[in-house]
Amino acid sequence: MTLYGERLFPLRPLPTPKWPLTEDVAELQEYPSVALFMDRARAVDPSFALTAENAGPVAEICRRMDGLPLAIELTAARLRLFPVGTLVARLREGSYGPAGKNTGKLQRHRSVHALTESSFRLLDEEQQRLLTRISVSSQDVGLHTVEELGGLAPHQTEHVLEPLVDLNLVAVRHGAGDPRFAVLETVRAFCMAVLAERGELVEARSRHAEHFQAFAERSRPHLTGPDQAHWLDELAAAHDNVRRALEFLRHEGRLTEAARTAVAIHRFWLVRGHLEVGSLHLAAAPPLSGGALDSAQGVLATAMGDVLRAAEAFHRAGTAYRASGDQDLELAMLAQRHATLLHAGERLNVRSVDAVIRAAGRPEAPTEIGDAALALAMSSGHDLDRWEERLEAARQVYLRHQDVRGLGLVVAEQGEVAVARGQVDLAERSFRLSLEKLWSVGERTMLPTVLDAYAFLLWKQIPGQEDRVVRVMAASSTLRKATRAAPLRALRSVPAGPLRQLRTHLGNPRFEALWHEGRLLDTAAVVAEILSAPLLAGSGRTPSAPQDAKLTPRQYQIAALVSQGLTNRQIAHQLQISEWTAVNHVRQIMHRLGLPSRIHVAQWVLKAGYGLGNLRGGQHDG
């Protein structure tokens, strides 16, 4: 019954740790969900403690329980039966435990299953159908996806969806764009069991797979064009669902469909650093006609530093494109193979280089020709004029296609040429512009290399930058390990020993403390960190914020979100902190930077010496 004038005050779930974990054990215990689990776990076993070994499983339990206090308490009680590692494994299998025996509790409060079932029974048939069908999605989805999976017209979907939200079976997540809808993990496990019991699970998963297969195919032509950033972000939001679709298609023997879907999004995997995931999906694919599959395998193998696997894949792709009569793509693949084998000691084939440069000058040259020209440039020796010639060929192609990532990589290489020529001001401008372009599309594979190159330039050219350089190199090392990137065509201005020299200069305790700080910086924060550095003499520009201002990793992250126009409440929701904590962070940021308002903080991030037109705090990194 609703009373006139009543107001709803939603009680949000407890904040849970994000994945992958970056916090240490002490920091993890600050999450309310983890603190509650620890309190209930100690009620079962007074000796239970959070350690480096069980921190991951405990964090996963809290996430799988959606931060719901009752669900966390019920799950912690199962530690009477299972150690925490076994408990997580059972949750992954969908085992949420039987009802408890505590007769002092209501029946629906005795297990997670009973809690969900009591709400599910309140739904009519149409509402149950929609809930179970969207439960096969593994993360939040947009309204259009809800409509497609539910098989309802738009006006029907909204009517059926609203009670699911009211009963807290579906969560609404608001961001910069349209709202997104997520079935809680505890509810999802229940609904999957319902679908299996009704014999509808395969049909629901097939509908889901076909939806995301079509979405992947639609995204493919946009991953190198002017809408690159938008489509990469869309794929990032849908990535878990696309992977789920790929797994289902393979399980059902629909291998060709799975292969085409994997090829369609291989550039997303490359740009966003999902190299291992992408390589596994492509390796499991059956042969396809044409060279697209082999080309995709070669691209990811190159990014992971596997010379022989990349060369073999490019060779197969070139052969396939020759058979189909596509001369440009054949040339691009053979040039990519040649550039790869240069790292294994093969001699330069001048005719191959000249052919790529000529092809790059044609208006119809595909992006792959630009990739080949850039690969040949990155494999150049010490002939700076030749190096620049190949870079210019790549730049022409990327410019015509408006490929932001490609242009960012070209500019980074131009910075390398400037370093080799002793033009440090030009190198600085190039590295900063490259970081701007790469980060504007969320690039993660080559970003660590450019960060290292610019950090090393700062260290050599500006006194007193040791702390910043160590933090940046720690962050780039962490990102490199997370993506498994080991690009063959890494920039060459960073010698092997700067970290040893920095450790000696700073002393081991100071170095280790800075390294730990850097490891905690996310990609938005590390880009903000390095672009807040003083500019080299002669650049004619100086940032307006104090150069000695130092923010914590969390403050860099919040400053980035302020620059995107998020309110304190939106920041709190995105970072899963209280609104009051967000307010305090913003105040401390303004105090440390000596800035009077949020607008000035945004300008500090976006304009004041940064040149960073699209700082992407809070974007999807996994």
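The values are calculated or read from the model by the stated rules, or taken from the named source; none is laboratory data. The shown structure was predicted, so the numbers you read here are calculated from the model rather than taken from an experiment. Heads up, the Cβs are rebuilt from the backbone with ideal geometry, glycines too, and the neighbour counts pull from every protein chain shown. The accessibility values were calculated without ligands, DNA or RNA, using every heavy atom of the protein model including side chains. Shrake-Rupley method; radii C 1.70, N 1.55, O 1.52, S 1.80 Å.
How many residues, within the range 66-79, are hydrophobic (A, V, I, L, M, F, W, C) and within 29 Å of the chain's Cα centre (by Cα)?
Looking only at the range 66-79, we keep the residues that are hydrophobic (A, V, I, L, M, F, W, C), and these are 68, 70-72, 74, 76-77, 79.
Now narrow it down to the ones that are within 29 Å of the chain's Cα centre (by Cα): 68, 71-72.
Matching residues across the range 66-79 total 3.
Of all residues in the range 308-343, which are of a type in the set (Val, Ile, Thr) and free of Cβ contacts under 8 Å to residues at least 60 places away in the same chain? Reasoning before the result, please.
If we filter the range 308-343 for residues that are of a type in the set (Val, Ile, Thr), which is where we start, we get 319, 340.
Scanning the range 308-343 gives a single hit, Thr319.
Name the residues in the range 409-440 that are under 19 Å from Leu376 (Cβ atoms) and not in a helix (DSSP H, G or I), would you?
none
Going by the structure shown, is Ser380 among the small types (Gly, Ala, Ser), crowded, with 21+ Cβ neighbours inside 10 Å and not in a helix (DSSP H, G or I)? Spell out the reasoning first.
Details: among the small types (Gly, Ala, Ser): yes; crowded, with 21+ Cβ neighbours inside 10 Å: yes; not in a helix (DSSP H, G or I): yes.
Judged against the criteria, Ser380 is a match.
Which members of the range 36-65 meet the condition of being crowded, with 16+ Cβ neighbours inside 10 Å and more than 27 Å from the chain's Cα centre (by Cα)?
Leu36, Phe37, Met38, Arg40, Ala41, Phe48, Leu50
Has the range 34-41 got any residue that is touching a helix residue (DSSP H, G or I) at 6+ places or on another chain (Cβ under 7 Å), part of a loop (DSSP other than H, G, I, E, B) and among the aliphatic types (A, V, I, L, M)?
To start, the set of residues in the range 34-41 that are touching a helix residue (DSSP H, G or I) at 6+ places or on another chain (Cβ under 7 Å) comprises 34, 36-37, 40-41.
Adding the requirement that they be part of a loop (DSSP other than H, G, I, E, B) leaves none.
No, the conditions are met nowhere in the range 34-41.
When both residues are 6+ apart or on different chains and their Cβ atoms are under 8 Å apart, which pairs have a first residue that lies in the range 158-177 and is more than 13 Å from Val141 (Cα to Cα), and a second that is among the acidic types (Asp, Glu) and open to solvent by 50 Å² or more (accessible area, probe 1.4 Å)?
That search, which allows pairs on different chains as well, returns Val160/Glu126.
In the range 527-545, is there at least one residue being modelled with pLDDT under 80, hydroxyl-bearing (Ser, Thr, Tyr) and buried (at least 22 other Cβ atoms within 10 Å of the Cβ)?
no
Scan Leu308, Leu409, Leu331 and give me the residue that is under 26 Å from Leu293 (Cβ atoms), at pLDDT 90 or above and in contact with a Gly (Cβ under 9 Å, 6 or more places away or on another chain).
Leu331
Looking at the range 146-183 only, could you name the residues that are assigned to a loop (DSSP other than H, G, I, E, B) and surrounded by 13 or more Cβ atoms within 10 Å (Cβ to Cβ)?
Looking only at the range 146-183, we keep the residues that are assigned to a loop (DSSP other than H, G, I, E, B), and these are 151-153, 167-169, 174-179.
Once the filter is applied, which keeps residues that are assigned to a loop (DSSP other than H, G, I, E, B) and surrounded by 13 or more Cβ atoms within 10 Å (Cβ to Cβ), the range 146-183 yields Leu152, Leu167, Asn168, Leu169, Gly175.
For a quick check of your reading of the model, give me the residue pairs whose first member lies in the range 217-230 and is of a type in the set (S, T, N, Q), whose second is outside any helix (DSSP H, G or I) and open to solvent by less than 30 Å² (accessible area, probe 1.4 Å), with beta-carbon atoms closer than 6 Å and at least 6 apart or on different chains.
Short answer, once both residue conditions are applied: Thr224/Asp403; Gln228/Val441.
From the list Leu91, Leu115, pick out the single residue that is modelled with pLDDT of 55 or more and within 14 Å of Cys191 (Cβ to Cβ).
On the way: Leu91 fails: within 14 Å of Cys191 (Cβ to Cβ).
Residue meeting the stated conditions: Leu115.
Conditions tested, residue by residue: (1) crowded, with 23+ Cβ neighbours inside 10 Å; (2) not charged (D, E, K, R).
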residue: His315; (1), (2): no, yes
residue: Ser324; (1), (2): no, yes
residue: Ala339; (1), (2): yes, yes
residue: Glu346; (1), (2): no, no
residue: Ala355; (1), (2): no, yes
residue: Gly361; (1), (2): no, yes
residue: Thr367; (1), (2): no, yes
residue: Asp403; (1), (2): yes, no
residue: Val410; (1), (2): yes, yes
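Could you please give the count of residues in the range 220-232 that are under 17 Å from Ala296 (Cβ atoms) and surrounded by fewer than 21 Cβ atoms within 10 Å (Cβ to Cβ)?
3
Taking into account only those residues within the range 480-507 that are open to solvent by less than 80 Å² (accessible area, probe 1.4 Å) and assigned to a helix (DSSP H, G or I), which is modelled with the lowest pLDDT?
Of the range 480-507, the ones open to solvent by less than 80 Å² (accessible area, probe 1.4 Å) are 480, 482-483, 485-491, 493-495, 497-499, 502, 506-507.
Right, trim to assigned to a helix (DSSP H, G or I) and you get 480, 482-483, 498-499, 502, 506.
Numbers: Arg480: 93, Ala482: 92, Thr483: 93, Pro498: 80, Leu499: 84, Leu502: 89, Leu506: 89.
The qualifying residue modelled with the lowest pLDDT is Pro498.
Where the second residue is open to solvent by less than 50 Å² (accessible area, probe 1.4 Å) and of a type in the set (Val, Ile, Thr) and the first is more than 13 Å from Ala209 (Cα to Cα) and lies in the range 251-265, which pairs have Cβ atoms under 7 Å and are six or more apart or on separate chains?
Within 7 Å, the pairs are Ile265/Val242.
Does the range 256-276 contain any residue that is surrounded by fewer than 24 Cβ atoms within 10 Å (Cβ to Cβ), of a type outside the set (A, V, I, L, M) and in contact with a Lys or Arg (Cβ under 8 Å, 6 or more places away or on another chain)?
yes
Looking at Asp306, is it charged (D, E, K, R) and under 20 Å from Met446 (Cα atoms)? Step through it out loud before you land on a result.
Numbers: charged (D, E, K, R): yes; under 20 Å from Met446 (Cα atoms): yes.
Considered against the rule, which asks whether it is charged (D, E, K, R) and under 20 Å from Met446 (Cα atoms), Asp306 comes out as yes.
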